[in-house]
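For reference, the structure discussed in these notes is given below.
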Amino acid sequence: MGGVAPMKTVSGLAIARGFVSGPVFIYRGDGEIPVPEYVVEAGREEAELARLKSTIARIRGDLEKLIAALRERTGRSDIRVFECHLMILEDEVLMTEIEGYIKELHLNAEAAVRKAMGNARTLFGKMHDLYFRERVRDIDDVERRLLKKLTGIDRRPHLELKSPAIVVADDLTPSETVQLPREFVLGFATNKGSTTSHVALLARALAIPAVAGLGDITAQVTPGERILLDGTNGAITLNPDAATVAHFEALVRRQKELDDASQLGAPAGTLKDGGEILIYANTHPGIPVAGLKELGARGVGLYRSEYLWLDREFEPSEEEQFQAYKAAAELSGRLGEGATVTIRALDIGGDKTMRGISTKEANPFLGNRSIRYLLSQPATFRTQLRAILRASAFGRVRIMYPMVSCVEELRESARILDAVRRELDAAGVAYDRNVPVGAMIEVPSAAIIADEMAELVDFFSIGTNDLVQYTMAADRGNDAVAHLYQPLHPAIIRLVRHTVAAAKAKGIHVSVCGESASDPVVGLYWAALGVDTLSMSATFIPSMARLLARLTRADLDAYAQVPDALPRGATAQEIFDACRRWLVAKVPDLEETIG
Ligand code: PEP
Ligand code: MG
């Protein structure tokens, strides 16, 4: 007789706080397409060849339509990926090889495609030239297209999630994450991932509890089994006993109380002495905005517009963008006096890709991304700026440029923005003539010349997610270098101090919108250094508000000095520990306060 399986707790990284229990949904991604391999009956080879040829013709038709539509809609030349796919389909050597397998080895079309594509992959993979090695990915794509059509199998795993569940996956790309039906996602649990991976950002923005880095959790759970997910401490409990469930339910109830900003008695960010650090929310298109006010957000410090582009074959039109930005702009009115919504221009590239038209680069994180990409695609840039400016007629909007690394980028962007303003003027379209324009400070070069940058913009927002990654040369999503990825590294502190000083000297507003803004120890340190606004995923707003309510400006000034009191050469960890000790001495019930 099988007994009840014992209770088991698996620990991982706490990437989005909160507690939730629910059934497991195992997300397996697109996965391998199962390919039937058989020998076709004698005399059926011609029919098999005809099946192959008609499939190829259909795919060519699809690709040609896609390319034409892309040309028309975006006027872009960046459709090389699909043109390359067409060339592969038209490659005589490859096609003759596939046909040969069908005619001579009597293989079915799927098996013949797999065999010939496998040979091509091996050949290209061995080439010295990076360009040819990169073509392996295109061969993979074409093979997938062929096999999907031949087998009729086109898995869309996200569509299988049809009722509320905890999504358990190996890892989730931003594109996969955005496809999941949000109303059914209770929590995320992944084998891989890190605190700044995009599943973490999304989970926090949606206030969905999440745990990453769980090793092989996908192999330990079975679909449908109920598990407890603790995103605050980073743990999953399988087969919980009754006492554990009761304790967990109490935690769920307490979290609900803590997350109610109306309990604070003053606007979020108000200090004990009446001073204030503004607390804003990070959000993006597709996130329900209804809850932001309840959580205490006083504005939006980062609206990640690129979510309109993710996992799409076409760029969003000006109208589609306008509708999204207008909804965001209108939110400013609801969030209260002086609230602004900061729309960041398209931050595409790195791990944020658009299906099909993103070019393949050897080093995408150092490549043609974000503001660089926009400046290289002026039509895309102008369309976005038009949509944002039009939305500014409906609420207080700010425009922010991502990944700025030199003054030329700001000057060139200003020229394009001016041209767009003139276009709108000529057409008599209403917009706010005083929309503030800001730069993200997330590349070390920008922080180092912050004084020069400050001359060219109305505000700064420090993106510590990338600033830490680029300063430390440590991938923000790679567990193996997570020990180097520390926002309180002395180099980062110097860059932030310098940026804040440059902003103050020029009298412009400075915020931090990287994830570190929400960390009680680190975010508070940025506030102590003088940043005006901390912008964070909505889920963290209540705890930061409670913490600030316990401190005065004089406390923050004292806190700013903590690293200075350490011996020269203190490590990032030592600085963090000293700050934490100071904080615990000041707020002895810290854990209780932040919840
Ligand atoms: C950052 O880099 O800190 C940031 C806020 O931008 P993103 O996380 O979208 O790269
Ligand atoms: Mg960034």
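Translational D (Stokes-Einstein, µm²/s) of the chain at 20 °C and 1.002 mPa s when Rh comes from the Kirkwood sum over C-alpha pairs? Diffusion coefficient, whole number: 82 µm²/s. Taking amide H as placed 1.01 Å from N in the peptide plane, the amide H of Val397 sits under 5 Å from that of Val341, each at least 5 places away or on another chain. For the stretch 287-423, the pair-distance distribution built from all alpha carbon pairs, in bins 10 Å wide starting at 0, is 12, 41, 34, 13, 1 percent. Residue-wise HN-Hα couplings along the stretch 422-439, as the Karplus relation 6.51 cos²θ - 1.76 cosθ + 1.60 with θ = phi - 60° gives them from phi, are 4, 4, 5, 4, 4, 8, x, 8, 6, 7, 7, 6, 10, 4, x, 10, x, 10 Hz; Gly and Pro carry x.
Rg and Dmax of the stretch 467-564, based on Cα coordinates, read 13.7, 40 Å. Selection among Ser543, Leu229, Pro181 by position relative to the dipole of the chain gives Ser543 as farthest towards the positive end (Cβ unit charges, Cα centre). Using C-alpha pairs under 8 Å with a sequence gap of at least 6, the mean separation divided by the residue count of the stretch 263-594 gives a relative contact order of 19 percent. For the chain, relative contact order (Cα pairs under 8 Å, six or more residues apart, normalised by length) works out to 15 percent. Among the listed pairs Lys65/Lys149; Lys192/Lys352; Lys53/Lys148; Lys192/Lys293; Lys126/Lys352, those whose Cα-Cα separation exceeds 22 Å are Lys192/Lys293; Lys126/Lys352. Under 5 Å between amide hydrogens, built in the peptide plane, is the criterion, and for Ser537 it picks out Asn282 among residues at least 5 positions away or on other chains. In terms of its alpha-carbon gyration tensor, the stretch 201-317 comes out oblate; a/c meets the 1.5 threshold, while b/c is at least as large as a/b. Mind pulling the angle between the C-alpha long axis of helix 572-586 and the longest principal axis of the chain? Nearest 10 degrees, somewhere in 0 to 90. It works out to around 50 degrees. 3J(HN,Hα) along the stretch 537-549: 4, 3, 4, 8, 4, x, 5, 5, 5, 5, 5, 4, 5 Hz, from the Karplus curve 6.51 cos²θ - 1.76 cosθ + 1.60 with θ = phi - 60°, whole Hz, x for Gly and Pro. For the stretch 428-485, a simple Cβ point-charge model (Lys and Arg +1, Asp and Glu -1, everything else neutral) yields a dipole of about 100 debye relative to the Cα centre. Take every DSSP beta bridge whose two residues both sit in the chain; close to 35 percent of them are antiparallel. Put +1 on the Cβ of each Lys and Arg and -1 on the Cβ of each Asp and Glu in the chain; which of Met472, Tyr401, Leu335 then has its Cα farthest toward the positive end of the dipole? Projecting each Cα onto the dipole axis, the largest value belongs to Leu335.
Amide H contacts of Ile15 (H built 1.01 Å from N, in plane; Pro and chain starts excluded): Ala210, Val211, Ala212 sit under 5 Å, all sequence-distant by 5 or more or on other chains. Computed from Cα atoms, the angle from the helix 45-74 axis to the main principal axis of the chain rounds to 40 degrees. Computed about the Cα centre, the dipole magnitude for the chain is approximately 840 debye when only Lys and Arg (+1) and Asp and Glu (-1) carry charge, each at its Cβ.
Against the chain, whose longest principal axis is taken from its Cα atoms, helix 80-89 shows a tilt of about 20°.
3J(HN,Hα) along the stretch 476-486, derived from phi through the Karplus expression 6.51 cos²θ - 1.76 cosθ + 1.60 where θ = phi - 60°, amounts to 5, x, 10, 3, 5, 10, 4, 5, 8, 8, 10 Hz, with x in place of Gly and Pro. Computing Rg and the Kirkwood Rh from the Cα coordinates of the stretch 263-594 gives a ratio, Rg/Rh, of 0.96.
Every read-out reported here was derived from the displayed coordinates using simple, explicitly stated rules and does not represent laboratory data. Computed from a predicted structure; not experimentally measured. When we count neighbours, we look across all protein chains shown, and the Cβ atoms used for this are built from the backbone with ideal geometry, even at glycine.
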